[in-house]
Amino acid sequence: VPIYFQFHLDVTPAISGLMVIPAGIPVLLFGGLVGKWLDKKGPLQPMLFGTIILALCIAWMGYCVGRYGYDYFIIGHILYGLGMVLTISPCLITALNIIPQEKRASAYGILLGGLQIGALLGFTIIAIMLSTIQHKHVEKHLSEKFPHIKTEHYKHLTAITSGSEKAHSLIKHLPKEKIQQIKDIVLEGFNKSFAYTLFSFRVLCLIFAL
């Protein structure tokens, strides 16, 4: 999401990082309530509702891509934070409670390691999906509208909206309107790849909920 803000809203990496702070608000507000719910009803209900909320969050963000500004994304951030506090905390607590007391320290370390590995794999998959879909989009439209641009330059042009000097040097001889067309193609490709990636993860959330 911060990368999308940098592309679409033209903000710095620092500002885009600050823009996802609302995702932490539900953790502060509902952490205690989720703990009471977990003690009273067990882990199944909060984890089920949390997974559904995450799916709704991803669906909302996917709908907002390329249509609305940051103010609409705040809703998605809050839903994301609420979904995470409903799923991660019950999952960790339940896993630790079923392990004997003398082995919980080691088990906690293994759980955290598993979370980090899962996050790493998730970010890797997201990066691959974003770059692949965007590159295919850029390749298709540039080959139609700018056939004189060499195909080996497409991968550099996908970074033009982030201020890549290499990308600008490849098309600096073109008129301003042509350069803007290329930027629009790249931005449209990123929006498309971002929306498709969110859709894929929404499907995964629904599968896990079922």
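Each value in this text was obtained by applying a stated rule to the coordinates, not by laboratory testing. Everything numeric in this text was worked out from a predicted model, so none of it was measured. Don't worry about glycine lacking a Cβ; one is built from the backbone with ideal geometry, like all the others, and counts go over all protein chains shown.
Going by alpha carbons, how many degrees (0 to 90, nearest 10) lie between the helix axis of 44-64 and the longest principal axis of the chain? The angle comes out at about 10 degrees.
Label the range 43-141 by shape, choosing from rounded, prolate and oblate, from the square roots a ≥ b ≥ c of the eigenvalues of the Cα gyration tensor; if a/c is under 1.5 it is rounded, and otherwise prolate applies when a/b is larger than b/c, oblate when it is not. Judged from the Cα gyration tensor, the range 43-141 comes out oblate (a/c at least 1.5, b/c at or above a/b). Note on the chain: with charges restricted to the Cβ of Lys and Arg (+1) and Asp and Glu (-1), its dipole about the Cα centre is near 180 debye. Sequence-ordered 3J(HN,Hα) estimates for the range 15-25 from the Karplus curve with 6.51, -1.76 and 1.60 and θ = phi - 60° stand at 5, 5, x, 5, 6, 9, 4, x, 5, x, 4 Hz, glycine and proline given as x.
Compute the long axis of helix 104-145 from its Cα atoms, compare it with the longest principal axis of the Cα atoms of the chain, and write down the angle in degrees, 0 to 90, nearest 10. The helix 104-145 is inclined about 20 degrees to the chain.
Is the range 30-78 rounded, prolate or oblate when judged by the Cα gyration tensor, a ≥ b ≥ c being the square roots of its eigenvalues, rounded requiring a/c under 1.5 and prolate requiring a/b larger than b/c? Here the range 30-78 falls in the oblate category.
In this simple spin-label model, placing a label point 7 Å from the Cα along the Cα-to-Cβ direction at both Arg67 and Leu48 gives a separation of 3.0 nm.
If R0 equals 45 Å, the separation of the Cβ atoms of Tyr108 and Ile75 corresponds to a calculated FRET efficiency of about 0.85.
Potential lengthening of the chain between Val27 and Ile93 amounts to 22.2 nm, from the contour at 0.36 nm per residue minus the alpha-carbon distance. Each label was represented as a point 7 Å from its Cα along the Cα-to-Cβ direction; for Ile117 and Lys172 these points are 4.8 nm apart. The tail of the calculated P(r) for the range 68-115 beyond 13 Å holds 64 percent of all Cα-Cα pairs.
With the simple model of a label 7 Å out from the Cα in the direction of the Cβ, His135 to Lys41 spans 4.5 nm. Short-range pairs are left out: with C-alpha atoms under 8 Å and at least six residues apart, the relative contact order of the chain is 28 percent. Stokes-Einstein diffusion for the chain, with the hydrodynamic radius set to the Kirkwood value over Cα pairs and evaluated at 10 °C in a medium of 1.306 mPa s, equals 82 µm²/s.
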